[in-house]
Amino acid sequence: MTLVPRLFAFETRTGRVITDLPYEGTPKWEAGVTAIGKVEVSIPIDQVGKKELRALIDPWRISLGFARGQQILQAGPIIPAAFSDAPGAATLRVACAGLWRIFYSRHLLNAAWDGVNPAAVSADVNIGPVSLHTIAKRVVSLHLARAQHDLPIDFPADIAGSHNRAYPGYDLASVGERLAELTQVQGGPEIEFRPVWTDTVQRSTVRWTMRIGAPSSDPLRDGRLGRLDYPHAWDYGQALVQLDEDIDGSRQTHHRIERGNGMERALLVGVASDTQYPAAGWPYLEDVGGTHTSATDTATLGSWAAGAISTYRVPTVTWSAVVRMDGTDGQGRATGAPDLGEVEVGNNAMFGVSGHRWIPDGHYPARIVGIKSEGADTARLVLAPLQGAA
């Protein structure tokens with residue numbers, strides 16, 4: 001069954017759909033684990049009307065969403081829009097970011113703060129003891145309690161834990177920055193703001209679900225989003241149209257120093273290392289992280305350093321797979337592959353490969369860490385391979 005795509009405009013703060021819009025070509029969209037996401041589209045002016053369209057192009061207040069049936073592929077606020085008066089078709093190019101982008105334009109300050117001096121104690125936000133999952137939740141939910149900061153977001157239930165975070169108002173850090181920091185510590189949660197319909201029949205209202213990876217005693221599941229039981233499978237040459245591989249050692253490191261607050265002899269740092277690869281013959285590689293220079297807790301700095309070592313002690317290998325969105329072989333025949341509407345970022349999947357020009361034959365497990373537009377009937381899955389061929 002062909003699912004009709006839909007571009008629509010809605011109010012960012014309420015989620016109320018205003019109208020559907022025409023578009024040219026294939027809109028570009030992206031969604032992913034701990035990623036901002038985007039929607040980019042060209043709108044033909046002569047099919048809408050100049051007056052009506054100008055009223056809708058109101059950055060931040062108005063959002064655009066792109067949907068396929070019941071699934072909203074991505075949605076978020078308009079930020080830039082551009083029209084060129086050069087000869088040719090009259091089109092307006094509009095770019096939207098996922099909801100996470102708003103949080104980089106909002107300070108993390110206490111709802112009880114009087115709005116005058118952020119150095120006041122009343123501006124501080126203190127969270128814990130709870131899990132890192134719930135710290136991430138409260139970083140967002142507590143700031144929504146500030147006047148006129150409301151957004152249509154649904155949150156998961158709290159999860160107990162022993163973690164604490166103190167966020168002084170005088171740091172003037174953004175909500176987005178604090179969320180990103182939480183995802184970078186060892187065991188930190190993966191996060192996605194997923195747009196969904198509140199009414200699957202009328203499809204007239206949008207909300208975002210804040211998906212947060214839950215803690216687990218299993219290090220392979222700790223903080224991870226999605227189903228890890230391999231609910232999906234694609235086979236090369238059928239619903240799997242193309243499979244690419246990138247190998248990048250530019251950030252590989254075996255010793256990480258994370259810079260914190262202070263200077264010279266008073267500099268605070270966190271340190272982590274993993275010497276198993278140098279011991280096996282790799283050149284010893286070191287680096288320094290400098291994005292947390294306001295941090296004063298050495299344990300947290302050490303956790304960031306350990307998180308970097310965990311991620312970059314080996315080269316980063318990523319695959320990307322072009323798949324048919326309806327799961328068929330291109331001739332309408334079922335292949336056992338899922339429709340894209342069944343797929344969530346974070347899920348594990350199995351990829352059967354035979355006759356590929358570069359990748360050896362086998363069945364390869366991988367996590368789907370991102371999904372983006374490719375063609376009118378295809379999407380590109382961004383993959384993190386999990387191990388060798390089975």
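The values are calculated or read from the model by the stated rules, or taken from the named source; none is laboratory data. Quick caveat: nothing in here was measured; it's all calculated off a predicted structure. Virtual Cβ from ideal backbone geometry, glycine too; neighbours counted across all protein chains shown.
Figures for the structure shown
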item	result
Matching entry among G270, G169, G249, G176 (being touching a residue at least 24 places away in the same chain (Cβ under 8 Å) and touching a Gly at 6+ places or on another chain (Cβ under 8 Å))	G270
Within the stretch 101-117, considering residues that are among the charged types (D, E, K, R) and in a loop (DSSP other than H, G, I, E, B), the one surrounded by the most Cβ atoms within 10 Å (Cβ to Cβ)	R106
Of all residues making up the stretch 232-250, the number that are under 21 Å from the mean Cα position of the chain (by Cα) and not acidic (D, E)	1
Among the residues listed as G327, G346, G332, the single one being more than 18 Å from the chain's Cα centre (by Cα), on the phi > 0 side of the Ramachandran plot and crowded, with 18+ Cβ neighbours inside 10 Å	G327
Residue count for the stretch 121-160, restricted to those that are free of Cβ contacts under 8 Å to residues at least 24 places away in the same chain and within 21 Å of the chain's Cα centre (by Cα)	4
Meets criteria (assigned to a loop (DSSP other than H, G, I, E, B) and either among the aromatic types (F, W, Y) or exposed (fewer than 15 other Cβ atoms within 10 Å of the Cβ) (or both)) for Y284	yes
Failed item, numbered, when N164 is tested on (1) free of Cβ contacts under 8 Å to residues at least 24 places away in the same chain; (2) surrounded by fewer than 18 Cβ atoms within 10 Å (Cβ to Cβ); (3) in a strand (DSSP E or B)	(1)
Qualifying residue in the stretch 216-230 (condition: under 21 Å from the mean Cα position of the chain (by Cα), surrounded by 12 or more Cβ atoms within 10 Å (Cβ to Cβ) and part of a strand (DSSP E or B))	no
Boolean, T300 is part of a helix (DSSP H, G or I), among the β-branched types (V, I, T) and either touching a residue at least 60 places away in the same chain (Cβ under 8 Å) or more than 19 Å from L386 (Cβ to Cβ) (or both)	yes
Top-ranked residue of the stretch 189-202 - restricted to ones that are at pLDDT 95 or above and not in a strand (DSSP E or B), ranked as nearest to I135 (Cα to Cα)	P189
Hits in the stretch 235-279 (condition: of a type in the set (V, I, T) and either surrounded by 16 or more Cβ atoms within 10 Å (Cβ to Cβ) or farther than 30 Å from A321 by Cα (or both))	V241, T253, I257, V269, V271, T275
Lone qualifier among A272, A295 - being modelled with pLDDT of 95 or more, outside any helix (DSSP H, G or I) and within 22 Å of P189 (Cβ to Cβ)	A272
Check on I368, assigned to a loop (DSSP other than H, G, I, E, B), among the β-branched types (V, I, T), over 22 Å from L132 (Cα atoms) and not assigned by TED's automatic domain parsing to the domain that holds E181	no
Matching residues, the stretch 343-371, being more than 23 Å from R194 (Cβ to Cβ) and in contact (Cβ under 8 Å) with a residue 60 or more places away in the chain	M350, F351, G352, V353, S354, G355, H356, W358, I359, P365
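Residue-wise test of (1) more than 21 Å from L383 (Cα to Cα); (2) of a type in the set (F, W, Y).
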site	(1), (2)
W208	yes, yes
G213	no, no
S250	no, no
I257	yes, no
